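Undergrad: Once you've had a glance at the structure underneath, I'll fire off some questions.
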Amino acid sequence: MGNSAANSVRCHICGSKAVTVFPQYQTFHRVTSDCKAWRPGGRMSVCNECGCAQAVLDQTWHEEAKQIYDAYTIYHQSKGIEQSVFDQASGQATSRSSRLLQRLQAEIPLPEKGRLMDIGCGNGALLSAFSGLSLGWSLAGVEVNDHYRSVVESITGVEQLFTCSPEEVPGRFQLISLMHALEHIPSPREFIVRLWDKLEIGGLLLIQVPDCAQNPFMFLVADHASHFFVSTLKELVQSAGYEVLVAANDWVAKEITVVAQRRGERASPDENRKDATRRHAPHEPPHPNPLSLGGGEGAQTAGEGEVQGFNVRIGPGKSLPGDGARASVDPFSMVSERLQWLSRQLETARPLAKEGNFGLFGTSIAATWLFAELNGDVGFFVDEDPHRIGQTCFGRPIYPPGDAPADSYVFIALPTPLAAAVKHRLERQGLKLRFEIPGPLPSV
């Protein structure tokens, strides 16, 4: 894939001008983060200094982001109910927030009392799940508008929905969460630096963003400012002065979860940047294995210990092959190979769609992108989310797998390992459908 240096473009994380732009990206249709089709265009780049993949945040990007947020309808496919995540063995669904908090509680049990600020709280999905833990916590939501004020403030334990900047919310917190929010924010490092003084000493910062290494479809989200890999998000958080306890991509499928802690006083920004950011020449492998921290399979984590009210029980996980050799990641190749992978999925899906009797499994980012690229040559959608079944998507019905038209082609619009697991599970049910899955993902 061709590339071009763009000296007029600065990295919005580290400020470097050593940024490479991928011109072929502009040929793709894009998707809004609330899963609506969006026109082709936009500019994708990678910083050769800090390694972060990102949109070029020019005037066009800011104008498009404003258009998207002005018309935002959260989880519209399920009438406002948070998307489900699935156990791949059983197909059992649970909400994404519930799955995340279950894992957090298992690794770092929360004290009985505390205060949580959820930044970018939307209609309160995480706040509602946290309230369901029945802890004696006080909860606060932060959003850019008050569209969901009545919904959020009806959640047990919520003090208020704040529409100011997080720094202006009164008091300090034991836990601050950014669930699928940080990727939207220009200059994310500066943003989390400003959160430092809102955390109590020993307090935790909980961040979840899409994992673009596992899920290249997320590069196509038009209003995302940053596109993270485990390594780049971990280093960004460290460079802001926090101690990273967990950096994992197995807590919730397709997502990166970082748990970081404020310990004492922060070092100067320059010292943090030197410690956490590995400067490197274009296309040289700068990063350690992106699963070098985390609380689960294929991960290594901090040891046990009592830390400011949080009983950190994260134990050492299994090492991935190559950990001893400190396997490296080249950000340029990571992005380039995944953009090529996206092109190959279109080459697979287009001839199937033209045959008719064609459907897409999924109703989120990937399926929305394929629907747009296929010019709407999709007869139906298939989903296992109970809140989406029976609804429509782009005017097409959403079926459970067992009700999809027999002998149809169904392209499973998920990252390859998940798609393969879904295909295997559904084929065991004897469904009369012809499942197609994406080709192999590039290696990490």
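The values are calculated or read from the model by the stated rules, or taken from the named source; none is laboratory data. Computed from a prediction, not measured in an experiment: that's the story for all the values here. Virtual Cβ from ideal backbone geometry, glycine too; neighbours counted across all protein chains shown.
Undergrad: Scan (1) touching a helix residue (DSSP H, G or I) at 6+ places or on another chain (Cβ under 9 Å); (2) in a helix (DSSP H, G or I) for the single condition residue 443 breaks and write down its number.
TA: (2)
Undergrad: Another question, if that's okay. Mind checking which pairs have a first residue in segment 231-255 that is assigned by TED's automatic domain parsing to the domain that holds residue 216 and more than 22 Å from residue 190 (Cα to Cα) and a second that is aromatic (Phe, Trp, Tyr) and in a strand (DSSP E or B), Cβ under 8 Å, 6 or more apart or different chains?
TA: 253/86
Undergrad: What about residue 159, is it of a type in the set (Asp, Glu) and within 22 Å of the chain's Cα centre (by Cα)?
TA: Judged against the criteria, residue 159 is not a match.
Undergrad: Is it the case that segment 264-287 has a residue that's modelled with pLDDT under 95, assigned to a loop (DSSP other than H, G, I, E, B) and closer than 30 Å to residue 363 by Cα?
TA: There is no residue in segment 264-287 that is modelled with pLDDT under 95, assigned to a loop (DSSP other than H, G, I, E, B) and closer than 30 Å to residue 363 by Cα.
Undergrad: Inside segment 360-384, can you point out the residues that are assigned to a loop (DSSP other than H, G, I, E, B) and more than 20 Å from residue 427 (Cβ to Cβ)?
TA: Matches in segment 360-384: 363, 364, 374, 375, 376, 377, 378, 379.
Undergrad: Among what's in segment 361-390 and is free of Cβ contacts under 8 Å to residues at least 60 places away in the same chain and hydrophobic (A, V, I, L, M, F, W, C), pick the residue that is farthest from residue 94 (Cα to Cα).
TA: Only one residue tops the list, namely 374.
Quick grid of which residues meet (1) within 22 Å of residue 212 (Cα to Cα); (2) buried (at least 21 other Cβ atoms within 10 Å of the Cβ):
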site: 349; (1), (2): yes, yes
site: 354; (1), (2): no, no
site: 380; (1), (2): no, no
site: 388; (1), (2): no, yes
site: 394; (1), (2): no, no
site: 411; (1), (2): yes, yes
site: 429; (1), (2): no, no
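Undergrad: Going by the structure shown, is residue 353 in contact (Cβ under 8 Å) with a residue 24 or more places away in the chain, over 26 Å from residue 224 (Cα atoms), not assigned by TED's automatic domain parsing to the domain that holds residue 213 and not in a loop (DSSP other than H, G, I, E, B)?
TA: Yes, satisfied.
Undergrad: For segment 166-195, name all the residues that are free of Cβ contacts under 8 Å to residues at least 24 places away in the same chain and surrounded by fewer than 15 Cβ atoms within 10 Å (Cβ to Cβ).
TA: Across segment 166-195, the qualifying residues are 168, 170, 190.
Undergrad: Next up: Of all the residues that make up segment 204-235, how many are assigned to a helix (DSSP H, G or I), over 26 Å from residue 63 (Cβ atoms) and not hydroxyl-bearing (Ser, Thr, Tyr)?
TA: 4
Listed here are the residues, each with its yes/no results for (1) at pLDDT below 95; (2) crowded, with 20+ Cβ neighbours inside 10 Å.
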{"position": "1", "(1), (2)": "yes, no"}
{"position": "5", "(1), (2)": "yes, no"}
{"position": "10", "(1), (2)": "yes, no"}
{"position": "22", "(1), (2)": "no, yes"}
{"position": "28", "(1), (2)": "no, yes"}
{"position": "31", "(1), (2)": "no, yes"}
{"position": "37", "(1), (2)": "no, no"}
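Undergrad: Please pick out the residue among 217, 191 that is outside the structural domain of residue 362 (by TED's automatic domain parsing), over 22 Å from residue 141 (Cβ atoms), of a type outside the set (Asp, Glu) and modelled with pLDDT of 95 or more.
TA: The match here is 217.
Undergrad: Still on this structure, I have one more. Looking at segment 338-354, is at least one residue more than 20 Å from the chain's Cα centre (by Cα) and at positive phi?
TA: Checked segment 338-354: no residue is more than 20 Å from the chain's Cα centre (by Cα) and at positive phi.
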